[in-house]
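The values are calculated or read from the model by the stated rules, or taken from the named source; none is laboratory data. Bear in mind the structure is a predicted one, so any value in this text is a computation, not a measurement. A quick note on method: Cβ atoms are made from the backbone with ideal geometry, for glycine too, and the neighbour counts reach across all protein chains shown. Each accessible area value is taken on the protein alone, full model and side chains, heavy atoms only, with ligands, DNA and RNA left out. Shrake-Rupley method; radii C 1.70, N 1.55, O 1.52, S 1.80 Å.
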Amino acid sequence: IIPIWSLFKPYEFFREIWNAVEYDKENPESWKKLSAPKCLKIWWACFIISNILGRAIFRLEKKADTVEEIINLNHICLLNEFIDIAKNLALIMLIAGIMTRQMAYMKKLAEESAADTQQQNI
């Protein structure tokens, strides 16, 4: 069950972290229905493709005997590296977006708390 979870749980975790900032006191479950950002979808697609290519490379390394097979294996390795770069860039964008959203949410909470404190003092 762990290998199956590793395919979709990272996507769910990041989507929940991204959307949890949209918490609404009147409708606490509303954030669970929000869609995922594009950078998460790109990261997850690259994550899956990279894992598939990594397994293929691992299997092909044992069978590569001729120069042509080794060249083809190197092409697959290069493709996997480009996908890893895209995956890491999408992950950086995703984490930066999460940080920005959480900082904005913390600022909003601080402003609401200050307004409540000010209202209580009046």
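If you place +1 on the Cβ of every Lys and Arg and -1 on the Cβ of every Asp and Glu, how big does the dipole about the Cα centre of the chain come out, in debye to the nearest 20?
Numbers: 15 positive and 15 negative charges, 35 e Å.
Dipole magnitude for the chain comes out near 160 debye.
Using a probe radius of 1.4 Å on heavy atoms only, what accessible surface per residue do you get for the chain? Whole Å² is fine. Before the final figure, lay out each step's value.
On the way: 9300 Å² over 122 residues.
Accessible surface, normalised per residue, equals 76 Å².
Please report, as a whole percent, how much of the solvent-accessible surface of the chain comes from carbon and sulfur atoms (probe radius 1.4 Å).
Carbon with sulfur: 64 percent of the solvent-accessible area.
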Farthest positive-ward along the chain dipole, Cα basis, beta-carbon charges - from S35, T66, M99: T66
Partner aspartates and glutamates for K38 [C-alpha distance under 20 Å; skip if fewer than 8 residues away on the same chain]: E12, E16, E22, D84
For segment 36-45, Karplus couplings with θ = phi - 60° (6.51, -1.76, 1.60), whole Hz, Gly/Pro x: 7, x, 4, 5, 6, 5, 5, 4, 5, 4
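Is the C-alpha gyration tensor of segment 14-99 telling us rounded, prolate or oblate? Criteria: a/c under 1.5 is rounded; beyond that, a/b larger than b/c is prolate, otherwise oblate. Each step should come with its number before you reach the end.
Values: a/c = 5.78, a/b = 3.43, b/c = 1.69.
Prolate, because a/c is 1.5 or more and a/b exceeds b/c.
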DSSP loop GluC sites (Glu not before Pro) with at most 13 other Cβ within 10 Å excluded, longest remaining stretch of the chain: 30-122
Out-of-range pairs (alpha-carbon distance over 18 Å; input K62/K87; K9/K41; K41/K87): K62/K87
Relative contact order of the chain, defined on C-alpha pairs under 8 angstrom at six or more residues apart (%): 27 percent
